[in-house]
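Read the structure below first, then the notes.
The values are calculated or read from the model by the stated rules, or taken from the named source; none is laboratory data. Please read all numbers here as calculations on a predicted model, not as lab measurements. Note that we place each Cβ from the backbone using ideal geometry, even for glycine, and neighbour counts take in every protein chain shown.
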Amino acid sequence: MILDGKCPTGPIEKSWDKHRFDLKLVNPSNKRKYNIIMVGTGLAGAAAAASLGELGYNVQAFCYQDSPRRAHSIAAQGGINAAKNYPSDGDSIMRLMYDTVKGGDFRAREADVWRLSQVSNNIIDQCVAQGVPFARDYAGYLDNRSFGGAQVSRTFYSRGLTGQQLLLGAYSALSRQIKAGTVQMYNRREMLDLVVVDGVARGITVRNLITGELESYAADAVCLATGGYVNVFYLSTNAKGCSVTANWAAAKKGAFFANPCYTQIHPTCIPQAGEYQSKLTLMSESLRNDGRIWVPKKKEDVGKLPSQIPDADRDYYLERKYPSFGNLAPRDISSRSAKEACDAGLGVGPGGRGVYLDFEDSIKRLSEDTIRERYGNLFEMYEKITDENGYKRPMRIYPAPHYAMGGLWVDYNLMSNVPGLFVLGEANFSVHGANRLGASALMQGLSDGYFVIPYTIGGYLVTVKPGEVKVDNTEFKKSVEDVKGKTNKLLNINGKKTVTEFHRELGKITWNDVGMARSKESLTDAIKKIPALRDEFWQNVKVTGSGADLNQQLENAGRVADFLEFGELLARDALHREESCGGHFRVEHQLADGEAKRNDADFSYVGAWEFKGNDKEPELHKEPLKFETIHLAVRSYK
Amino acid sequence: MQFTSSSIGRKILMAITGQAMVLFAVVHLLGNSSIFGWLNGGINAYAEHLHSLPLPIIIGFRLALLALVCVHIWFGIQLTLENRDARTKQYAVKSTQKTTFASENMIWTGSLIALFIVYHLAHFTFQVVNPETAALKNLVPLHNEMVPNVLGMVVAGFKNFFITFIYAGAMVALFLHLSHGIQSFFQTMGWSNDRSQPIIIRLGTLVALGLFLGYVIIPLTVFAGILKG
Amino acid sequence: MSDHKTMTLTLIVWRQKSATDPGKFETYTAKNITSHHSFLEMLDCVNEDLINADKEPIVFDHDCREGICGMCSQVINGKPHGGQERTTVCQLHMRKFKDGDTIYIEPWRARAFPIVKDLIVDRAALDTIIQAGGYTSCHTGGVPDGNAVMIPKPIAEEATDAAECIGCGACVAGCPNGAAMLFTGAKVSQLALLPQGRPEAAARVLKMTAAASECGFGNCSNHYECGAVCPKGVDVKFIARMNREFIKAQFA
């Protein structure tokens, strides 16, 4: 099937304004008759729930944590982009769009990116009004810093806590609506199934994580703002609870999963210290503004103290390979370069999996105090984890899975191919193409939540009669039975291996075979190994306790079971995409200098997969991508 | 919510009444120190001066003091009970970092001080503890007048070990109470920040220490036989 | 990493099946722990052993494991988050302990935080406090340009100091009175400092402090324990500022 993104036509500069005008409106007095379900309360979910509640809709919001304030958006450190051009350094909406399309290696929809760039400015204003304490200069104006993949200073920030501050802003707006009664908040609920009645999304089945009860909720539209899936790699920078479960439930009910192979491996994470490790910690890539990345030139220097290696024997490989962007090269490029250096035996630290991020020059140039003021909390965090002082010796960093550009397929209105199912934020595939630039995730989450969905959902709701389907519909009962069946099965296997052991094994397969450098062999291997591991899981997993109360093992078992299905799709998508672009790097497709070699003639499309059952191959649907404003070009950061 | 039923409102009332009593304690101490002779006629002259004030002023002042004490005690007990209730179960290992013995035992040091005040009033104001030394019954000449012998009463009292012990013990309780209470006033009124607070805490303890020493020196010097009647 | 020495530790952990169960301490042994294990990874190891022995693992709240989500909440040897300065449980590493140590692990204890199971407590009361007024009542859209109102850098910085609160509840757990004044004070101060929050400052402080009392939190008696245990170093000066706002609100 050829998918239609339903993008507006005509000049791009007018596209969003024209579309907003074309959208039908819901009469104010009718809004309260419509129920909207919002799953997830991160930047996108909280912003959307608050905005929709304020418009007058009845919103029911769900999160698996004990409070909406804990969503993993909170961990974003560096900043949020906007085309304000406050520093007058040549920024504009068009340039932000250009950087984003190019940064995404020309695999995103132009119209979506334009809209994102256009509303980026409103986001900053909105957050300031909410009391988000952005960094200010001495005159009292908003301060900017620069970020990877851009040559202008357009990133707004609040220390190393931007995600936290923006999320708490959205959370406060949400709290206001909860108080006003327009939003009903359901904490500690995990969505386990999407209820589709006659092809239309009508509700969800959730597990109450405290009582273990399965609960049904019906609505006129279901929105998923459930984040990304990179915990499929086991070790990632995501929170432990992040999963593909809600999205995968939707995929199994007919929603197409787009571009799952576009995963972002973040270059500046703290390297793994041991087998027992449960997650990786990211340090904002804003560190690359003042830190220089290097490895020893000679293998015999690898074990030496960094201070004993003279400057001449250091390879500042990003500065060498990409003189114009240097240490600020985009994430995919920086990560791959680090892997190449380590694969060549030049990596430092445990297992040779690390490169240096050195602040010596910046400290000399600016003073330690200035560096402390800019990145103090990151140095503190690094020392807590590694017991090393980043001011005195270079930090060790290594790439780690961080973000999923892929996600459920949505059209321009953020609606998936299942009518009534909307997908927001990281959970959808839309704007980042094959690679996301730094400080763009926060921008997308808030753009979808505050400024897109409140308009586009109305266009759908006017077409449906409110409250048509209730929870007494047989589909809801069937969904509860299905989930109950799966839960009981997990509890009754009583095998020999724990859930974590399976997750770790899956992670090894996905990291080695579907990680930073993928090949036909490795992917074919993964497509064999993952189903085998999945079969073993369903024979041999051990889940203690019962389904009738709080059971974290059971929660994890369900999530890992879904990753074991989804991981295969990820590998299949990566295998089918015979090109290298952004976060997807196929070793067969590279230029002579090792750069990614895109194949625009054959792969300039969104690959959206339809789930057909675990024993059947998924079906690929394509949405062709057109580049009318930003012309296709080889991405170069040299 | 009413000021007097709100958490911070009651805390402010505690702080203001407490601080007013600290001021009283300072003035009281200055008056007491006349026993060392800086005022012509000593403490007997000071007592006579106070008693010669118009009656409405004396009664008004005493009623005001009584009101302060009552408000302070009433809300102190109420807040303490609420706080106990808010944290019924204690940790297996007690390991507080900033909480002090003084801050944790305000209710007990406060209770001791309250009991002491009753005793102190009975002793020196109503003069029923040692009736035979009561100043009102033992008049002495001062500037051609016969006035109550406060000095005699004080000295007779503090020659007694138990009375001196009660006074000294109560002053320890007062010191503990004020070492937390004085600095607390500034925090409660919102007059401290991260820079000033460490200084305020130190100064508060210093004032509390000064009051302690000032008050305890009279019974001790009497008991030691340095100060004589 | 380089050191191959491992530790064996005795854990005395609070186990409680449900909110109504009286609960009790159980003793476990943590084996093969290195100095690079985080505290939660150490507990993961103990849990894996428990599962393999067909026992129910210890449940505890955790999520981001990088010290920002505020989910993790354990009192370790009487100290919320374990007592390392500016550190959450998830960022606490085992290098702070010695081979052979005995470690007491308990949940947050406060009436306003009923225990759900083992080390997990219900912190909905903190949400209730924010819902009472921890926001500016701005609408989505229709707000002025971000640079329309200038904010002096020191004010923005101080507001950020207050805004660093992660809502973990350690301040309540540490407070001998079970009070939530640091949590409340931080939000009241953040919004009172910023011009965007001034219009509602008086109403906000009254509503939020009233909500805290209604939720069953205790009263502040200036122990300052909250500031000492706060994993984000939120200063007790924000309680003073809240008190000041409260007094101002009486005349508003």
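Hey, among A:Gly53, A:Gly45, which residue is within 13 Å of chain C (Cβ to nearest Cβ) and either part of a helix (DSSP H, G or I) or of a type in the set (A, V, I, L, M, F, W, C) (or both)? Just a single option satisfies the conditions, and that option is A:Gly53. All conditions but one from (1) over 30 Å from A:His621 (Cα atoms); (2) of a type in the set (A, V, I, L, M, F, W, C); (3) away from every other protein chain (no Cβ under 14 Å) apply to A:Ala218; the one that does not is (1). Of all residues in segment B:27-44, those that are without any contact (Cβ under 8 Å) to a residue 24 or more places away in the chain have Cβ atoms under 6 Å from Cβ atoms of residues that are assigned to a helix (DSSP H, G or I), 6 or more apart or on another chain, in B:Gly31/B:Tyr46; B:Ser34/B:Gly42; B:Ser34/B:Ile43; B:Ser34/B:Tyr46; B:Leu39/B:Ala45; B:Leu39/B:Tyr46.
For (1) on the phi < 0 side of the Ramachandran plot; (2) touching a residue at least 40 places away in the same chain (Cβ under 8 Å); (3) over 25 Å from the mean Cα position of the chain (by Cα), each residue gets a yes or a no:
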position	(1), (2), (3)
A:Asn540	yes, yes, yes
A:Thr544	yes, no, yes
A:Leu550	yes, yes, yes
A:Asn556	yes, yes, no
A:Phe563	yes, yes, no
A:Gly567	yes, yes, no
A:Leu570	yes, yes, no
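Within segment A:76-101, the residues that satisfy the criterion of being part of a helix (DSSP H, G or I) and surrounded by fewer than 23 Cβ atoms within 10 Å (Cβ to Cβ) are A:Ile93, A:Met94, A:Arg95, A:Tyr98.
Could you please let me know if A:Arg207 is in contact (Cβ under 8 Å) with a residue 40 or more places away in the chain, within 14 Å of chain C (Cβ to nearest Cβ) and of a type in the set (Lys, Arg)?
No.
Scan segment C:57-74 for residues that are at the interface with another protein chain (Cβ under 8 Å from one of its Cβ atoms) and either under 20 Å from the mean Cα position of the chain (by Cα) or at pLDDT below 95 (or both) and jot them down. Listed by number, the residues that qualify are C:Val59, C:Asp61, C:His62, C:Asp63, C:Cys64, C:Arg65, C:Glu66, C:Gly67, C:Ile68, C:Cys69, C:Gly70, C:Met71.
Taking (1) crowded, with 24+ Cβ neighbours inside 10 Å; (2) more than 19 Å from the chain's Cα centre (by Cα); (3) closer than 30 Å to A:Lys240 by Cα in turn, A:Tyr186 satisfies each apart from (1). Where helices (runs of 4 or more DSSP H) fall entirely within segment C:153-252, those with at least 1 residues that are more than 18 Å from the chain's Cα centre (by Cα), under 29 Å from A:Tyr157 (Cα atoms) and more than 10 Å from chain B (Cβ to nearest Cβ) are at C:153-163, C:181-193, C:201-214.
Here segment B:1-16 is the region considered, the condition is being surrounded by fewer than 15 Cβ atoms within 10 Å (Cβ to Cβ) and under 14 Å from B:Trp74 (Cα atoms), and the residue that is nearest to the other protein chains (Cβ to nearest Cβ) is B:Ser5. From the list A:Ala404, A:Ala329, the lone residue that is at pLDDT 95 or above and buried (at least 18 other Cβ atoms within 10 Å of the Cβ) is A:Ala404. Restricting attention to segment A:33-42, does a residue exist that is of a type outside the set (S, T, N, Q), farther than 30 Å from C:Leu126 by Cβ, in contact (Cβ under 8 Å) with a residue 40 or more places away in the chain and in contact with an Asp or Glu (Cβ under 7 Å, 6 or more places away or on another chain)? So far as segment A:33-42 goes, yes, one or more of its residues are of a type outside the set (S, T, N, Q), farther than 30 Å from C:Leu126 by Cβ, in contact (Cβ under 8 Å) with a residue 40 or more places away in the chain and in contact with an Asp or Glu (Cβ under 7 Å, 6 or more places away or on another chain). When segment B:84-118 is limited to residues that are more than 7 Å from chain C (Cβ to nearest Cβ) and in a loop (DSSP other than H, G, I, E, B), the one that is nearest to B:Arg202 (Cα to Cα) turns out to be B:Thr100. Applying the selection to segment A:235-277, what residues are part of a loop (DSSP other than H, G, I, E, B), touching a Leu at 6+ places or on another chain (Cβ under 7 Å) and under 26 Å from A:Gly376 (Cβ atoms)? Matches in segment A:235-277: A:Ser236, A:Thr237, A:Ile270, A:Gln272, A:Gln277. Restricting attention to segment C:1-51, the residues that are at the interface with another protein chain (Cβ under 7 Å from one of its Cβ atoms) and over 26 Å from the mean Cα position of the chain (by Cα) total 4.
Within segment A:523-533, the set of residues being of a type in the set (Gly, Ala, Ser) and either modelled with pLDDT under 95 or buried (at least 20 other Cβ atoms within 10 Å of the Cβ) (or both) comprises just one member, A:Ala526. Going by what's in this entry, would A:Ala173 be described as within 11 Å of another protein chain (Cβ to nearest Cβ), closer than 30 Å to A:Leu437 by Cα and of a type in the set (A, V, I, L, M)? Criteria met by A:Ala173. Taking the criterion of being surrounded by fewer than 21 Cβ atoms within 10 Å (Cβ to Cβ) and more than 14 Å from every other protein chain (Cβ to nearest Cβ), the residues of segment A:534-557 that qualify are A:Arg534, A:Asp535, A:Glu536, A:Trp538, A:Gln539.
Please work out which one of (1) without any contact (Cβ under 8 Å) to a residue 24 or more places away in the chain; (2) outside any helix (DSSP H, G or I); (3) surrounded by 18 or more Cβ atoms within 10 Å (Cβ to Cβ) is the condition B:Gln183 fails and give its number. B:Gln183 satisfies all of (1) without any contact (Cβ under 8 Å) to a residue 24 or more places away in the chain; (2) outside any helix (DSSP H, G or I); (3) surrounded by 18 or more Cβ atoms within 10 Å (Cβ to Cβ) except (2). When B:Met171, B:Met189 are checked against the criterion of being at pLDDT 95 or above and away from chain C (no Cβ under 14 Å), B:Met171 stands alone in meeting it. Only one of the numbered conditions (1) in contact (Cβ under 8 Å) with a residue 40 or more places away in the chain; (2) surrounded by fewer than 17 Cβ atoms within 10 Å (Cβ to Cβ); (3) among the polar types (S, T, N, Q) is not met by B:Thr109, and that is (2). May I ask you to list the residues in segment A:1-16 that are farther than 12 Å from A:Thr456 by Cα and part of a helix (DSSP H, G or I)? A:Ile12, A:Glu13, A:Lys14, A:Ser15, listed by residue number.
Matching residues to (1) more than 10 Å from chain A (Cβ to nearest Cβ); (2) closer than 30 Å to C:Ala203 by Cα; (3) aromatic (Phe, Trp, Tyr); (4) in contact (Cβ under 8 Å) with a residue 60 or more places away in the chain:
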site	(1), (2), (3), (4)
C:Ile76	yes, no, no, no
C:Gly82	yes, no, no, no
C:Ile105	yes, no, no, yes
C:Asp118	no, no, no, yes
C:Ala125	yes, yes, no, yes
C:Gln131	no, yes, no, yes
C:Pro144	no, yes, no, no
C:Asn147	no, yes, no, no
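Of all residues in segment B:20-33, none satisfies being part of a helix (DSSP H, G or I), more than 16 Å from the chain's Cα centre (by Cα) and under 17 Å from B:Gly214 (Cα atoms).
Residues in segment A:590-616 that are without any contact (Cβ under 8 Å) to a residue 60 or more places away in the chain, surrounded by 12 or more Cβ atoms within 10 Å (Cβ to Cβ) and over 25 Å from the mean Cα position of the chain (by Cα): A:Gln590 only. Entry remark, segment A:245-294: residues being at positive phi and buried (at least 24 other Cβ atoms within 10 Å of the Cβ) number 1 in total.
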